[in-house]
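Take a look at the structure set out below.
The values are calculated or read from the model by the stated rules, or taken from the named source; none is laboratory data. None of these values were measured; they are calculated from a predicted model. Don't worry about glycine lacking a Cβ; one is built from the backbone with ideal geometry, like all the others, and counts go over all protein chains shown. Calculation scope for accessible area: heavy atoms of the full protein, side chains included, ligands and nucleic acids excluded. Shrake-Rupley method; radii C 1.70, N 1.55, O 1.52, S 1.80 Å.
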Amino acid sequence: MNRSSIYAFVGLVLIWVILAEELSIFTVAIGAVIALACLAFGRKFIPLKRVQGVRFYKLLTYPFYLIGEIYAQGFIVIRLILTGARADITKVQTELQSDFLRAILVNSVTLTPGSIPLDLSNGTLTVLNLAPKDGGDSKESVDALKNRMERRLIKAEQRGRR
C-alpha cells in the first residue's frame, strides 16, 4: 500500500466511525473492512492512474463551496419561476484542460438548480438553463456560474509551473 492508499483508508474508517456515531473496536473493525472493500473496488474500477495534472488537496473545500452555490442558485431559480422564466440553450467555453476537472465542472452544473448540461466537447459546454422571461441574456448567468466554479477548479489543475 502506498501513502495515498493509507490516507484514504484512515479517512474512510474515520468517516465510518462518524456516520456510525459510536467509537468502539467493533465499529472500527467494520469500518476497516468496508474501507478495504472500497479501496479494492476503487482500484479495480476507477482508473486513477489516468487522472493526471490534478492536485487533489486543492479540491478538499470544493464540495462545501458547491453546496453553497447550489443554495444560492436555488434562490435565483425561485425568483425566476415566480417572475416568469423561459428555457434557453447557451454555449460557454471552459478553460479547464483536465478531462477529470471538466467532468467535475459538468457534474457541478448538473447539481445546480436551473441548469442542465447537454454537451461538453472541445472545451465548449452546452447548457439548457432557465432565463428571465423578459428576454434577459441567459449567457451571462450561465457564464457567471461557470466562471465561479471554474475559478475554484483551475486552482486544482497543474498547468506548467505555478
Checklist outcome for this item: Being without any contact (Cβ under 8 Å) to a residue 40 or more places away in the chain and either assigned to a strand (DSSP E or B) or touching a Lys or Arg at 6+ places or on another chain (Cβ under 8 Å) (or both) narrows 63, 117 down to just 117
Item to check | Test: residue in region 120-130 that is within 23 Å of residue 59 (Cα to Cα) and surrounded by 19 or more Cβ atoms within 10 Å (Cβ to Cβ) | outcome: yes
Checklist entry - Which ones in region 93-114 are open to solvent by less than 50 Å² (accessible area, probe 1.4 Å) and not in a helix (DSSP H, G or I)? => result 94, 96, 98, 112, 113, 114
Checklist entry - Can you name the number of the only condition in (1) buried (at least 17 other Cβ atoms within 10 Å of the Cβ); (2) touching a helix residue (DSSP H, G or I) at 6+ places or on another chain (Cβ under 6 Å); (3) in contact (Cβ under 8 Å) with a residue 12 or more places away in the chain that residue 155 fails? => result (1)
Next on the checklist: Tell me the residue from 45, 56, 64, 26 that is under 20 Å from the mean Cα position of the chain (by Cα), open to solvent by 90 Å² or more (accessible area, probe 1.4 Å) and modelled with pLDDT of 85 or more, please.
Outcome noted: 64
Next on the checklist: Between 34, 18, 78, which is in a helix (DSSP H, G or I), closer than 30 Å to residue 141 by Cα and not charged (D, E, K, R)?
Outcome noted: 78
Checklist outcome for this item: When every residue in region 29-42 that is within 15 Å of residue 5 (Cβ to Cβ) and open to solvent by 70 Å² or more (accessible area, probe 1.4 Å) is compared, the one nearest to the chain's Cα centre (by Cα) is 41
Next on the checklist: Given the options 42, 68, 31, name the one that is without any contact (Cβ under 8 Å) to a residue 40 or more places away in the chain, of a type outside the set (A, V, I, L, M, F, W, C) and more than 29 Å from residue 158 (Cα to Cα).
Outcome noted: 31
Checklist entry - Filter region 1-11 for residues that are open to solvent by 60 Å² or more (accessible area, probe 1.4 Å) and part of a helix (DSSP H, G or I); which is nearest to residue 56 (Cα to Cα)? => result 4
Checklist entry - Counting only residues that are surrounded by 12 or more Cβ atoms within 10 Å (Cβ to Cβ) and either basic (Lys, Arg) or in contact with a Ser or Thr (Cβ under 7 Å, 6 or more places away or on another chain) (or both), which one in region 71-92 is farthest from residue 153 (Cα to Cα)? => result 86
